[in-house]
Every structure is written in C-alpha cells, then in structure tokens.
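Enquirer: My questions will all concern the structure given below.
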Amino acid sequence: MAVPTTTRLERRPASASQLRDDLAALRIDRTRHRGRSRIVRVFIWLLFLAALAGGAATAYWRFEDEFWSLKKHLEPAMEVRTEAVRVLSVNQARALLTATGYLESRRQASVGAKGAGRIAKLCFEEGTVVRKGELLAVLEHDDLTAQLESRNVAVELAEAELAQARLALAQRERDFGREQHVNRKGAGTKSALETAETDFKTAKAHSDAKASAVRAAEAHVREAEVAIQNMHVYAPFDATVISKDAELGETIMPGGMGAGSGRGSVATLADLGALEVDTDVKEDYLAHIRRGQPADILVDAVPDRRYRGRLREIIPMGDRTRGIVKVKVEVLDADDRLFPELSATVHFLPEEDEKATGDATQALFVPLSAVNQIEGDAFVWRLAGERAEQVRVTVIGEPRDGLLRVEGALAGGESLIADPPAELTAESKVRAQ
C-alpha cells in the first residue's frame with residue numbers, strides 16, 4: 001500500500017525592496033492636517049495667555065489694598081523720638097518746682113477722757129462741726145456722783161462743827177475779857193486770869209482746826225467734781241469731727257491702744273480751716289524755695305479748682321537716706337471739699353506770680369524740640385499709626401522749661417515727633433523708639 005506524501009508549502013523570503021514598498025503603502029499621509037494643527041495650537045496658547053492675564057488682573061483688582069499694605073509693611077520704618085502733648089494750667093507751666101504730698105490739718109487731735117470708764121453718751125457723728133468747749137461724750141460716773149454727795153455732807157458737818165467752835169471761842173473771849181477787867185481793878189487773881197487766857201487760846205485753836213477741816217472737806221468736794229468733769233469729753237478747739245473712734249458702751253482708757261486695753265479716744269478732730277500740704281523736696285532743689293513763697297495747689301479729689309498756697313515752713317531736718325527735706329505749704333483758700341489725707345500736688349511759683357495763684361486756665365503745651373517753623377508758620381509732626389501727619393499750630397508766648405504753649409488742632413495726649421529728621425514726609429513710615 002502506498003503511503004501518502006504530505007505536501008509542505010514553503011514561503012519564500014521577500015526581498016528588501018519589496019518590504020519597503022509594502023511599508024510605504026501602509027504609511028498615513030499627514031500633510032493634509034499639519035497646517036490645521038498649528039493654527040489650533042497657536043489659538044490654544046493665546047486663550048491660555050489671555051486667561052492668565054485676566055486672572056492676574058482680577059487678583060490685582062481684588063487684592064490691591066492687601067498688596068499695598070504688604071508693600072508698606074515690608075517698607076523699612078524710620079525710627080523717631082516722640083513726646084506727648086500736655087494739658088497744663090498756666091501756673092503749672094510757670095512752676096519752678098513741683099512736689100506731691102498729702103493734706104493735713106495744723107490743728108488735729110484725738111480727743112479722749114482723762115479718766116477711765118464706759119461711754120454712756122455720745123453727742124456727735126462723723127462730720128459734725130463743734131465749737132470749743134462743746135460736749136462730745138460722757139462716761140459712766142455714778143460712783144463719783146455718790147462720792148460727791150458724801151463729800152458735800154462732810155462739808156456741811158465740818159461747817160457745823162466750825163460754827164460750834166466759833167461760838168465756844170466767842171464765849172472764851174468774853175470770859176478772858178472779864179478776867180482782865182477784874183484784874184485791872186485789883187479784885188481778881190492771877191490764876192483765874194491765866195486760866196481764862198488759856199481757855200480762850202484753846203478755843204481759838206479749836207476753831208482754826210474746824211475751819212481747816214471745812215477747807216479740807218471742800219477740797220474733797222472739788223476733787224470729786226473734777227473727777228466727774230474728767231468723765232466728760234469736750235472739744236478743745238473749733239473743729240470738725242473727722243473720725244468717730246468709739247461707740248456707745250465701749251470702754252475708754254487713757255493711753256489705750258485698742259480693744260485689748262480699751263479705746264484711747266472717742267473722736268478725732270481737725271480744724272479744716274487750717275489745712276496744709278505735707279510734702280518733701282529733694283535737697284538739690286532746696287535753693288529754689290523759701291518761706292512765704294507762693295504756690296499753686298492741685299488736689300486730685302477736686303480737679304476743677306486750683307487753690308492758692310504759701311510755703312509756711314521748711315522743717316530744719318534732712319533725711320540722709322532719701323536726700324529730702326520736709327516742707328509745709330498752707331492752703332490759703334480752703335473750702336469744705338478739702339479734708340486731711342487727700343493727695344495734693346504743689347507747684348511752687350516765682351514771687352512775681354503770687355497774684356496769679358489759683359489760676360485754673362487750661363492750655364496745651366508741647367516740647368520745644370517738636371515745633372518746626374517754615375517761613376514764619378509753625379507746625380508739628382503728629383504720630384498717626386505708622387505714618388506722620390503735619391499739624392499747624394500757633395505759638396503763644398516764650399518757651400519755658402523746654403515747653404511752648406500752642407493753639408491748634410490738638411487735644412492733648414497725642415504723640416509728637418521730637419527733632420524730626422529732615423527727610424521726614426507724610427509718606428514716610430515711622431516707628432517710635
């Protein structure tokens with residue numbers, strides 16, 4: 001049997017030229033679309049650039065303030081020295097020296113009883129105006145009253161005994177006279193005369209003793225009356241009660257220091273018509289003041305008034321640790337709004353300003369270094385945030401102690417640029433040192 005023969009088709013390899021022809025036939029022709037693609041790309045880029053420019057413009061328009069604020073913030077600041085605009089009275093500006101202290105009364109006393117006892121009656125309240133000798137309080141003294149009554153009885157008894165002794169003396173005096181008369185007649189005896197004389201002298205001595213007893217009894221009465229008087233508290237001078245130191249029923253003890261040993265006083269009195277400022281002056285400035293020097297007094301509790309003052313006393317004793325000397329300045333026109341322990345400021349004035357003391361006229365004062373002048377016009381640089389603004393002012397009078405009185409669009413308290421740099425402008429960024 002014959003075996004079938006398998007026929008195998010053989011593939012001849014293609015030549016190189018044939019392959020190039022085949023690949024060329026498969027290539028896509030792009031020449032037709034090349035011109036159109038370039039136009040599209042250019043258009044897209046133009047749209048992108050336009051959108052970018054529009055976004056930048058919109059962002060600038062929306063954030064313009066923030067942009068300039070950031071620019072100003074990053075701008076370096078010019079450091080300047082500042083001084084404040086001060087509101088002072090005319091006298092404050094003229095003052096040679098200023099000192100602070102507290103008001104006190106030249107006549108002030110804590111008043112108590114001379115004796116010890118419990119308060120039975122109070123006749124005042126704080127703020128009561130009292131006159132010299134007026135009753136303030138009464139302490140319990142029933143025992144002293146009883147003692148006084150007993151001593152009055154003793155006086156009466158002594159006076160009765162004195163009267164009896166004087167009657168006996170009169171009788172002995174008559175007997176002695178008769179014996180003398182009889183003896184002159186030669187009828188009496190010497191012994192009888194001597195006896196009569198002795199009886200007379202004895203009666204006289206007895207009468208004198210009884211008179212002394214009466215005086216002693218009367219002295220005991222006065223002693224009891226004084227003891228009772230000491231249970232009463234009286235005002236030692238015309239004054240105002242500024243402190244009520246004890247209440248009804250409390251015990252008063254001379255020299256007492258509190259509840260443990262008893263109260264020492266019932267009230268504190270002060271003469272509010274004789275007020276003065278107790279203040280200190282540094283030794284360096286002692287040459288600027290003298291006794292009788294006028295002063296302007298400002299009390300913090302009464303800001304709407306200036307009081308006239310005069311330096312009454314320079315205490316001749318220094319304080320080596322603090323380097324100060326204590327002075328007393330009396331208030332010449334005190335009113336009912338002033339009382340002790342209020343804080344006060346004293347402006348010592350030149351002698352020629354004595355008539356002007358108490359002048360409360362307010363004015364604006366600026367440091368001389370802050371005032372600039374151009375062609376006769378004066379102005380200052382006022383600090384406004386991080387910028388400076390120019391404010392025109394009118395100068396009044398001459399400078400004093402580095403200050404100038406001015407008028408203008410200032411209210412007081414503003415910060416002014418002192419010794420402003422020549423390159424300073426309203427656009428300059430500034431910063432206080």
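The values are calculated or read from the model by the stated rules, or taken from the named source; none is laboratory data. Please read all numbers here as calculations on a predicted model, not as lab measurements. Methodologically, a virtual Cβ is constructed for each residue, glycine included, from the backbone with ideal geometry; neighbour enumeration extends over all protein chains shown.
Enquirer: Spot the failing condition for residue 129; the list is (1) under 30 Å from residue 139 (Cβ atoms); (2) modelled with pLDDT under 75; (3) β-branched (Val, Ile, Thr), and only one is missed.
Expert: Looking at each condition in turn, residue 129 falls short on (2).
Enquirer: Return yes when residue 319 is closer than 30 Å to residue 119 by Cβ and not hydroxyl-bearing (Ser, Thr, Tyr) and no when it is not.
Expert: The answer is no for residue 319.
Enquirer: Separate question: Quick check: is even one residue across region 131-146 assigned by TED's automatic domain parsing to the domain that holds residue 240, part of a strand (DSSP E or B) and among the basic types (Lys, Arg)?
Expert: Looking through region 131-146, none of the residues is assigned by TED's automatic domain parsing to the domain that holds residue 240, part of a strand (DSSP E or B) and among the basic types (Lys, Arg).
Conditions (1) modelled with pLDDT of 90 or more; (2) in a strand (DSSP E or B), marked per residue:
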site: 284; (1), (2): no, no
site: 298; (1), (2): no, yes
site: 302; (1), (2): no, no
site: 313; (1), (2): yes, yes
site: 327; (1), (2): yes, yes
site: 344; (1), (2): yes, yes
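Enquirer: Name the residue that is farthest from residue 233 (Cα to Cα), counting only residues in region 250-271 that are modelled with pLDDT of 90 or more and assigned to a loop (DSSP other than H, G, I, E, B).
Expert: For region 250-271, the residue satisfying everything is 271.
Enquirer: Step by step: first the residues of region 172-195, then only those that are more than 29 Å from residue 162 (Cβ to Cβ) and of a type in the set (Val, Ile, Thr), then the one that is modelled with the lowest pLDDT. Which residue is that?
Expert: Per the stated criteria, the residue is 189.
Enquirer: Restricting attention to region 415-424, and to residues there that are hydrophobic (A, V, I, L, M, F, W, C) and surrounded by 11 or more Cβ atoms within 10 Å (Cβ to Cβ), which single residue is farthest from residue 390 (Cα to Cα)?
Expert: 418
Enquirer: Next up: Quick check on residue 377: is it outside the structural domain of residue 284 (by TED's automatic domain parsing) and free of Cβ contacts under 8 Å to residues at least 24 places away in the same chain?
Expert: Yes; evaluated as a whole, the condition is true for this residue.
Enquirer: Also, I was wondering about something else. Touching a strand residue (DSSP E or B) at 6+ places or on another chain (Cβ under 8 Å) and either of a type in the set (A, V, I, L, M) or on the phi > 0 side of the Ramachandran plot (or both), is that true of residue 318?
Expert: no
Enquirer: A follow-up question, please. Step by step: first the residues of region 404-414, then only those that are crowded, with 17+ Cβ neighbours inside 10 Å and hydrophobic (A, V, I, L, M, F, W, C), then the one that is farthest from residue 367 (Cα to Cα). Which residue is that?
Expert: Of everything passing the filter in region 404-414, 410 is farthest from residue 367 (Cα to Cα).
Enquirer: Only one residue in 101, 55 is among the small types (Gly, Ala, Ser), modelled with pLDDT of 65 or more, farther than 24 Å from residue 395 by Cα and part of a strand (DSSP E or B), so which one is that?
Expert: Every option except 101 fails the conditions.
Enquirer: Considering only region 196-210, how many residues are modelled with pLDDT of 90 or more and surrounded by fewer than 16 Cβ atoms within 10 Å (Cβ to Cβ)?
Expert: Looking only at that region, the number is 6.
Enquirer: Which pairs have Cβ atoms under 7 Å, sit 6 or more apart or on different chains, and link a residue in region 135-147 that is closer than 18 Å to residue 267 by Cβ to one that is surrounded by 14 or more Cβ atoms within 10 Å (Cβ to Cβ) and of a type in the set (Ser, Thr, Tyr)?
Expert: If the second residue must be surrounded by 14 or more Cβ atoms within 10 Å (Cβ to Cβ) and of a type in the set (Ser, Thr, Tyr), the pairs left are 135/234; 136/234.
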